[in-house]
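Read the figures in this text as sums done on the coordinates, not as results from a lab. Note that the structure is predicted; figures quoted are calculated from it, not measured. Ideal geometry is used to build each Cβ from the backbone, glycine not excepted, and the neighbour counts take in all protein chains shown.
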Amino acid sequence: MSVPQYKRVVIKLSGEALAGDQGFGLVPNIVKSVAEQIKEVVDLGVEVALVVGGGNIWRGKIGSEMGMERANADYMGMLATVMNALALQDSLENLGVETRVQSSIVMTQVAEPYIRRKAVRHLEKKRVVIFAAGTGNPYFSTDTTAALRAAEINADVILMAKNNVDGVYSADPKTNADAVKYDNLTYLEVIQQGLQVMDSTASTLCMDNDIPLIVFSIMENGNIKRAVQGETIGTVVRRNS
């Protein structure tokens with residue numbers, strides 16, 4: 001068994017990745033596949049925290065474009081992430097992986113409130129912790145949540161699992177045949193070039209706290225394990241080149 005390169009990781013998973021080609025809702029086979037990939041990493045002895053988006057159910061930006069107050073639209077998006085978190089928890093526990101959902105919005109009937117020290121204790125006991133409801137505040141993305149929670153729990157890396165690309169490109173590879181894939185970047189380059197990796201708040205937070213980021217495709221089975229073991233996949237973003 002290969003020795004993992006990272007002891008504690010935060011996996012950032014977009015909500016859209018759970019919807020597959022249908023673009024909305026949850027596809028059971030995809031949820032199960034993601035859970036199986038996470039189990040592979042847990043079986044290596046790695047401490048795993050997970051941040052999942054809610055774009056497969058609701059996006060706050062769409063609500064604000066409809067004329068809805070931005071704060072209300074964002075809160076709806078936070079609730080969508082809780083639904084995804086519970087689906088992933090159920091799938092993981094069906095595989096025998098002990099899991100806890102911690103929500104930034106208090107809803108004790110379905111999830112624990114987010115408490116940093118308790119989250120760290122769960123991780124030390126090899127439980128997967130799923131951080132739901134974003135930061136609990138409007139105007140912040142789940143990318144920022146991943147960066148914030150990674151800093152709070154002293155994670156070694158953020159693994160950003162994408163469903164539509166296999167790394168960071170100079171332009172959208174689906175619409176621009178000349179788009180170039182990057183193997184390595186700095187956070188400053190990401191911000192200066194306006195690359196669509198994560199929002200600027202999240203990028204700055206990662207840069208300031210020296211948290212590396214690996215962007216890769218979730219659609220190829222085993223990629224999470226490969227990233228944890230230090231194999232060269234996707235794009236690596238660091239504070240310094």
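Brief remarks on what is shown
- Highest-fluctuation residue, 55, 96, 134 considered, GNM on the chain with Cα pairs under 10 Å: 96
- Within straight-line reach of residue 125, meaning a Cα separation under 19 Å, sit the following lysines at least 8 residues removed in sequence or on another chain: 7, 39.
- For the range 97-207, share of DSSP beta bridges that run antiparallel, in % to the nearest 5: 20
- Mean separation of Cα contacts under 8 Å, 6 or more apart, over the residue count of the chain: relative contact order %: 23
- Candidates 167, 45, 67, ranked by Gaussian network fluctuation over the chain, Cα under 10 Å, top entry: 67
- Sequence-ordered 3J(HN,Hα) estimates for the range 210-216 from the Karplus curve with 6.51, -1.76 and 1.60 and θ = phi - 60° stand at 6, 9, x, 10, 10, 9, 8 Hz, glycine and proline given as x.
- Were the residues from residue 188 through residue 94 laid out at 0.36 nm apart, the gain over their Cα-Cα distance would be 29.7 nm.
- Low-density loop cleavage sites - trypsin sites (Lys or Arg not before Pro) in the range 168-233, where at most 12 other Cβ are within 10 Å (DSSP): 174
- For the range 8-238, diffusion coefficient by Stokes-Einstein and Kirkwood Rh (Cα), 4 °C, 1.567 mPa s, µm²/s: 74
- Positive-end extreme of charge dipole, the range 192-240 - chosen from 209, 235, 198 (charges on Cβ): 235
- Label point 7 Å beyond Cα of residue 219 along Cβ direction - residues of the range 5-47 with amide nitrogen under 13 Å: 17-23
- Rounded to the nearest Hz, the phi-derived 3J(HN,Hα) couplings of the range 88-100 under the Karplus curve 6.51 cos²θ - 1.76 cosθ + 1.60 (θ = phi - 60°) are 5, 4, 4, 5, 5, 6, 5, 8, x, 9, 5, 9, 10, where x marks glycine and proline.
- Value of Rg/Rh across the range 150-241 [Cα atoms, Kirkwood radius]: 0.95
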